[in-house]
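J.: Quick one: the structure is below, questions incoming.
The values are calculated or read from the model by the stated rules, or taken from the named source; none is laboratory data. Given the structure is predicted, the values throughout are model-derived calculations rather than measurements. Here Cβ is always computed from backbone atoms with ideal geometry, including for glycine, and neighbour counts include all displayed protein chains.
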Amino acid sequence: MASSSTTSTYEQDQELFTDTLLKLQIHSALVKENVQNNKSPRPLLAQSCALLDNLPARSPHWTPAQQNLIRSLKTDAWSAFADECIKVGDLIQAEDSLQRLSILQDTATGPLSLRSKAMKQQQQRDKRASQISDTTSTSMASQGGAGSSSASPMASPSSSSVTVEITKEQRQAAAALIQTWDKLRQVYNDKGQREMSNNFAKRIAKMKERLDGLQLEPE
């Protein structure tokens, strides 16, 4: 019975995968037709995003190639929908779709992911480095500069000391994520939410700093 149930679930997943790809092909053709006829492609793009979100990102029945294709299609679909929302000035939909896109892209960045253990450890190192720097500066200031010629300031670790290596694909994903964050920064700026806009500007700068300090894995 268990074997029969597993086979049935496998067939259902494969059928869902195939049906989704066929519908996406139809949507793609209709989107091109709408653009040529000066009609909004947004409804179809939204349907494509919904179709893909109905596909589980992970399944014991997906091959590695299928998993990669699903991730790629989801990223492309949400990116296209977000760009169209920005184009027509729909800031609310643009914000929602860009946030969804950033989650997909963040997952593909590996150790650079905001949710990864390596990133959390690096954030802790950065925090400690900042605290050490502040403590040293305060201590030197309280001494009024006395003995500064003989004092050796404590070197603070920098984010470039990261020993984590990333793949070329993860670096590309991080670059794409930075672009999405920049679009979110602009959307929040246009909405008058300056604090959110500044937060994404800082996030972009931090990610670029980390990228500069990481090495690519040897091929």
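J.: Determine which member of the set LEU45, LEU55 is part of a loop (DSSP other than H, G, I, E, B) and in contact (Cβ under 8 Å) with a residue 24 or more places away in the chain.
T.: Step by step, each of LEU45, LEU55 is checked, and only LEU55 is part of a loop (DSSP other than H, G, I, E, B) and in contact (Cβ under 8 Å) with a residue 24 or more places away in the chain.
J.: Separate question: Is it true that ASP96 is of a type in the set (D, E, K, R), outside the structural domain of GLN186 (by TED's automatic domain parsing) and either on the phi > 0 side of the Ramachandran plot or surrounded by 11 or more Cβ atoms within 10 Å (Cβ to Cβ) (or both)? Break it down into steps so the answer makes sense when it comes.
T.: Values: of a type in the set (D, E, K, R): yes; outside the structural domain of GLN186 (by TED's automatic domain parsing): no; either on the phi > 0 side of the Ramachandran plot or surrounded by 11 or more Cβ atoms within 10 Å (Cβ to Cβ) (or both): yes.
So ASP96 fails the test.
J.: All but one of (1) buried (at least 16 other Cβ atoms within 10 Å of the Cβ); (2) farther than 29 Å from MET207 by Cα; (3) modelled with pLDDT under 95 hold for ASN38; state the number of the condition that does not hold.
T.: Just one mismatch for ASN38, condition (1).
J.: Identify, by number, the condition in (1) in contact (Cβ under 8 Å) with a residue 60 or more places away in the chain; (2) touching a helix residue (DSSP H, G or I) at 6+ places or on another chain (Cβ under 6 Å) that GLN99 doesn't meet.
T.: Every condition holds for GLN99 apart from (2).
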